[in-house]
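Trainee: Got a structure for you, questions after.
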Amino acid sequence: MQSSRRKFLTILGGGTVLAAISAGTFLSTRTPHQALAPWDMAGNYTDVRKWALSYALLAPNPHNRQPWQVDLSIADQVTIYRDKSKDLPHTDPFERQLTIGMGCFLELLSIAATKANHKVSFDLFPEGEDGPIAIATFSKGTTVDPLFAHVMDRRSCKEPFLDKAVPVALAQQLSGYGNVITDADKVATIKKLSWNAWMVEAETPRTWKESIDLMRIGKAEINANPDGIDLGGPLMATLKLVGIMSRESQLDKESSGYKEGVKMYQNMLNATPAYCTITSPSSSREDQIAAGRKWIRLNLMTTALGLSLHPISQALQEYPEMAEHYTQAHQLLAEPGHTVQMLGRLGFGPTIARTPRWPLEAKIING
Ligand SMILES: Cc1cc2nc3c(=O)[nH]c(=O)nc-3n(C[C@H](O)[C@H](O)[C@H](O)COP(=O)(O)O)c2cc1C
């Protein structure tokens, strides 16, 4: 986030912000260490289930809600639930994206277990849709999944990408992981679509407010709730300090904070040389889990290849105001009747910071 945050600051702040920046000591202590601690705890457990779970909780997931909960009361098993109090009723009314996030979590659990010489088999939705997402059973003996090596470096890169094409050779290496789109005309069409769809989300009061309510602005808020949309670091702290960055300013469409935020997103969405999709012929809960499992493998592979990936889901969201863009996305990106489960920007992005996580202990509901 740093480069665009800096730009945001320059545009918005002028002298006030620079004066606040000179309060250097305050700013240099703005890293939310507590919210980032689960990254350092990954791999620091003796129970193999906890060991693998400590990596699984680093999975990408919508709005970083981290809806997973686990029951460890049966030996060699993990019963995995989705915490419905973390739902996103406006932007994800059918819980499709949240289920995809659970798929990312399951796959990461399975990948991590291989590093500890364990195989994980999943019994999906053993009690139907309203029960657990899965029962994971651990057994000994397997080979290490090479994607494990990239778990700690994987990110959803919410930044402008370099004006540099994705080389054909790299795109080909991703072909087993997702659909890669590099055709210039198609890229231009998706760019426009993603921007129009983003504006619908921003201009639909209930969907915009859903995101604003999940903003964690500054270190104290991020540490208190290490989930949602984290706006941290010295620059955001400064904007908060001088009153430019607040939930109120983001809800006020006339404020400079809102307007510049919109410009920042437009720049980011424009700076995209390629896209990736994951589609499926139908969209059962099992298909959504499978899509999540594919997405995290794609994201780990892009990391391995030095590429950045960023999910952009607005055009895939299922609420009436988005219908036109949803239809266009499906006409463009999927066969008739199929579902586009994930759409992401692909390119060369900067190295970005880790996102916050709740500790594993906060997610164990039994055992
Ligand atoms: C199903 C799904 C949909 C997502 N949609 C978006 C999106 O529309 N825009 C966005 O910036 N990030 C999106 N993300 C990325 C999450 O915001 C991100 O995974 C989360 O904040 C954690 O950050 P990390 O992936 O860098 O660890 C999505 C992730 C998933 C799994």
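Trainee: Which residue is surrounded by the fewest Cβ atoms within 10 Å (Cβ to Cβ), if the candidates are limited to the range 110-164 and must be among the β-branched types (Val, Ile, Thr) and touching a Phe, Trp or Tyr at 6+ places or on another chain (Cβ under 9 Å)?
Mentor: Ranking the candidates gives Thr137 first.
Trainee: Can you spot a residue in the range 231-238 that is of a type in the set (Gly, Ala, Ser) and out of contact with any helix residue (DSSP H, G or I) (no Cβ under 9 Å at 6 or more places or on another chain)?
Mentor: The initial filter retains those residues of the range 231-238 that are of a type in the set (Gly, Ala, Ser), namely 232-233, 237.
Within this subset, residues satisfying the condition of being out of contact with any helix residue (DSSP H, G or I) (no Cβ under 9 Å at 6 or more places or on another chain) are none.
No: zero hits.
Trainee: Turning to a different aspect of this structure: Take the range 65-74 and flag every residue that is crowded, with 22+ Cβ neighbours inside 10 Å and either more than 21 Å from Ile312 (Cβ to Cβ) or near the ligand (Cβ under 10 Å from one of its atoms) (or both).
Mentor: Once the filter is applied, which keeps residues that are crowded, with 22+ Cβ neighbours inside 10 Å and either more than 21 Å from Ile312 (Cβ to Cβ) or near the ligand (Cβ under 10 Å from one of its atoms) (or both), the range 65-74 yields Gln66, Trp68, Val70.
Trainee: Which of the helices (runs of 4 or more DSSP H) contained wholly in the range 142-243 include at least 2 residues that are touching a Lys or Arg at 6+ places or on another chain (Cβ under 6 Å)?
Mentor: Counting at least 2 such residues, we get 219-224, 233-241.
Trainee: Regarding the range 138-151, can at least one residue be identified that is among the hydrophobic types (A, V, I, L, M, F, W, C) and more than 24 Å from Cys104 (Cβ to Cβ)?
Mentor: no
Trainee: Of everything in the range 87-109, what is out of contact with any Phe, Trp or Tyr (no Cβ under 8 Å at 6 or more places or on another chain) and touching a residue at least 60 places away in the same chain (Cβ under 8 Å)? Give them in sequence order.
Mentor: Once the filter is applied, which keeps residues that are out of contact with any Phe, Trp or Tyr (no Cβ under 8 Å at 6 or more places or on another chain) and touching a residue at least 60 places away in the same chain (Cβ under 8 Å), the range 87-109 yields Leu88, Pro89, Asp92, Phe94, Arg96, Gln97, Thr99, Gly101, Glu107.
A quick yes/no check of all residues on (1) of a type in the set (Gly, Ala, Ser); (2) closer than 15 Å to Thr31 by Cα; (3) within 16 Å of the ligand (Cβ to nearest atom):
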| position | (1), (2), (3) |
| --- | --- |
| Ala220 | yes, yes, no |
| Met236 | no, yes, yes |
| Gly243 | yes, no, no |
| Ser246 | yes, no, no |
| Gln250 | no, no, yes |
| Gly261 | yes, no, yes |
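Trainee: Condition check: assigned to a helix (DSSP H, G or I), of a type in the set (D, E, K, R) and at pLDDT 95 or above. Does Glu335 satisfy that?
Mentor: Taking the combined requirement at face value, the residue does not satisfy it.
Trainee: In this structure, is Glu318 out of contact with any strand residue (DSSP E or B) (no Cβ under 7 Å at 6 or more places or on another chain), of a type outside the set (Ser, Thr, Tyr) and in contact (Cβ under 8 Å) with a residue 60 or more places away in the chain?
Mentor: Judged against the criteria, Glu318 is a match.
Trainee: Name the residue that is nearest to Lys119 (Cα to Cα), counting only residues in the range 44-64 that are within 16 Å of the ligand (Cβ to nearest atom) and of a type in the set (Gly, Ala, Ser).
Mentor: The residue in question is Ala56.
Trainee: Give me the residue from the range 28-66 that is of a type in the set (Lys, Arg) and modelled with pLDDT of 95 or more and, out of that set, nearest to Arg154 (Cα to Cα). First the steps, then the outcome.
Mentor: Applying the first criterion (of a type in the set (Lys, Arg)) to the range 28-66 yields 30, 49-50, 65.
From what is left, the residues that are modelled with pLDDT of 95 or more are 49-50, 65.
On the way: Arg49: 21, Lys50: 20, Arg65: 18 Å.
Checked the range 28-66; the qualifying residue nearest to Arg154 (Cα to Cα) is Arg65.
Trainee: Of the numbered conditions (1) within 13 Å of the ligand (Cβ to nearest atom); (2) modelled with pLDDT under 95; (3) out of contact with any helix residue (DSSP H, G or I) (no Cβ under 9 Å at 6 or more places or on another chain), Leu298 fails exactly one; give the number of that condition.
Mentor: (2)
Trainee: Turning to a different aspect of this structure: Would you please name the residue that is farthest from the chain's Cα centre (by Cα), looking only at residues in the range 317-363 that are small (Gly, Ala, Ser) and within 14 Å of the ligand (Cβ to nearest atom)? Break it down stepwise before answering.
Mentor: First pass over the range 317-363, keeping only residues small (Gly, Ala, Ser): 323, 329, 334, 337, 344, 347, 349, 353, 362.
If we keep only those that are within 14 Å of the ligand (Cβ to nearest atom) as well, we get 329, 344, 349, 353.
Working: Ala329: 20, Gly344: 10, Gly349: 15, Ala353: 13 Å.
Looking at residues that are small (Gly, Ala, Ser) and within 14 Å of the ligand (Cβ to nearest atom), I get Ala329.
Trainee: On to the next question. Could you say which residue among His325, His330 is surrounded by 21 or more Cβ atoms within 10 Å (Cβ to Cβ) and in a helix (DSSP H, G or I)?
Mentor: None of the others qualify; the one that does is His325.
Trainee: Further, regarding this structure: Is at least one residue of the range 202-211 surrounded by 20 or more Cβ atoms within 10 Å (Cβ to Cβ), touching a residue at least 60 places away in the same chain (Cβ under 8 Å) and over 20 Å from the mean Cα position of the chain (by Cα)?
Mentor: no
The values are calculated or read from the model by the stated rules, or taken from the named source; none is laboratory data. Computed from a predicted structure; not experimentally measured. No Cβ is skipped: glycine too gets one built from the backbone with ideal geometry, and neighbour counts run over all protein chains shown.
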